[in-house]
1. Let me check I have the definition right: for the chain, take the eigenvalues of the Cα gyration tensor, multiply each by 5, take square roots. What are those semi-axes in whole Å, largest first?
2. Roughly speaking, what is the centre-to-centre gap between segment 222-259 and segment 165-199 when only Cα atoms are used, to the nearest Å?
3. For Lys279, give me every one of the lysines with a C-alpha distance below 28 angstrom, ignoring sequence neighbours fewer than eight places off in its own chain.
4. Quick one: divide the alpha-carbon radius of gyration of segment 1-61 by 2.2 N^0.38 Å and tell me what you get.
5. Applying the Karplus parametrisation 6.51 cos²θ - 1.76 cosθ + 1.60 with θ = phi - 60° to the phi angles of segment 185-198, what ³J(HN,Hα) value in whole Hz is obtained for each residue in order, glycine and proline being reported as x?
6. May I ask for the net charge around Ile87, where only other residues with Cβ less than 11 Å from the Cβ of Ile87 are counted and Lys, Arg are +1 while Asp, Glu are -1?
7. Using only the Cα atoms of segment 1-159, construct the convex hull and provide its projected area averaged over every direction, in square nanometres to one decimal.
8. What is the ratio of the Cα radius of gyration of segment 130-282 to 2.2 N^0.38 Å, where N is its residue count, to two decimals?
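Readers should treat all values here as calculations from the given coordinates under stated rules, not as data from a laboratory. The structure presented is a predicted model; accordingly, all values stated were derived computationally and were not measured. Because the Cβ atoms are built from the backbone with ideal geometry, glycine has one as well, and the counts that use them run over all protein chains shown.
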Amino acid sequence: MSTNVRTRHAIHYSQSERMTGTELREHFLIENLFAEGTLQAVYTHYDRMLVAGATPAGDAVGVGGELAKLVGTDYLLERRELGLINIGGAGRVIADGKAYELQPMDGLYLGQGTREISFESLDASTPAKFYINSAPAHTSLPSRIVSRTDAIENNLGDGATSNKRKLYQYLHPKVLPTCQLLMGLTRLETGSVWNTMPAHLHDRRMEAYLYFEVPENAFVVHLMGRPQATNHLIVRNEQAVLSPPWSIHCGAGTGAYAFIWSMAGDNQSFTDMDMVDMKSLN
């Protein structure tokens, strides 16, 4: 088992507005999160969010000392909480000796104080893909599975505006308590491509997006930046985007797709969004 850890420092919008496309990708796009037999992790300086992907094949993939060293504690969740959603085949998470079996699109919350964590695939030929987010925590809350049916389903948008979609809230105060981490999944319906429009801001929270179910020859145009100085990233299947608090949150694909969104910051109010007038975007 190998662990690959990278760090992304915070960027001010005045810096991002001078960057080339290559530089924007270097700072805001995570291209390789899922490699069989490994744990791929990116530690960000946006609200100290950790973004990771675990893809166990024949052997279990464990959370080792590299991540604990990175956050300066004896073990990763000594002062953190963790959420994940499985976007691959059926898998299992072992946390302090307790097994949590996860089917595709099932989620899991692990509370502060969980010491030992490992990931397994139930069938190595169809490995699980655990998309993981972790943020600082102030207290220990109960760990539990959040299945596809536990998540709150919201039907949003309209086919006439190409944004008809289902939004599932997994880590949300109405589902279970967390310290600050919010996490959910949105799936666009056939014929719809916009994931949110009008665009919005929330200076109180950062956000991360994992785009998946993107066909091989398709992509998503993720819009970012201040409303008056927008830019974009071309995002392929199973790539993630770091969205700073000063950036708008929206995008469109060449066809329907799905994405996992997660947030950390000052509050847990999903509706706390500062909407951006469509006429003000430049």
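1. On the way: eigenvalues 162, 85, 70 Å².
Whole-Å semi-axes of the equivalent ellipsoid: 28, 21, 19.
2. If we compute the Cα centre of each part, the gap is 15 Å.
3. Correct list for Lys279: Lys164, Lys166.
4. Working: Rg = 14.0 Å, N = 61, 2.2 N^0.38 = 10.5 Å.
Working it through for segment 1-61, the quotient is 1.33.
5. 9, 10, 10, 6, 7, 3, x, 10, 9, 7, 8, 6, 6, x
6. Values: positive: Lys129; negative: Asp106, Glu213, Glu238.
Spelling it out: positives minus negatives among the neighbours equals -2.
7. Details: hull surface 46.9 nm².
The directionally averaged projection comes out at 11.7 nm².
8. On the way: Rg = 15.3 Å, N = 153, 2.2 N^0.38 = 14.9 Å.
Against the empirical 2.2 N^0.38 Å value, I get 1.03 for segment 130-282.
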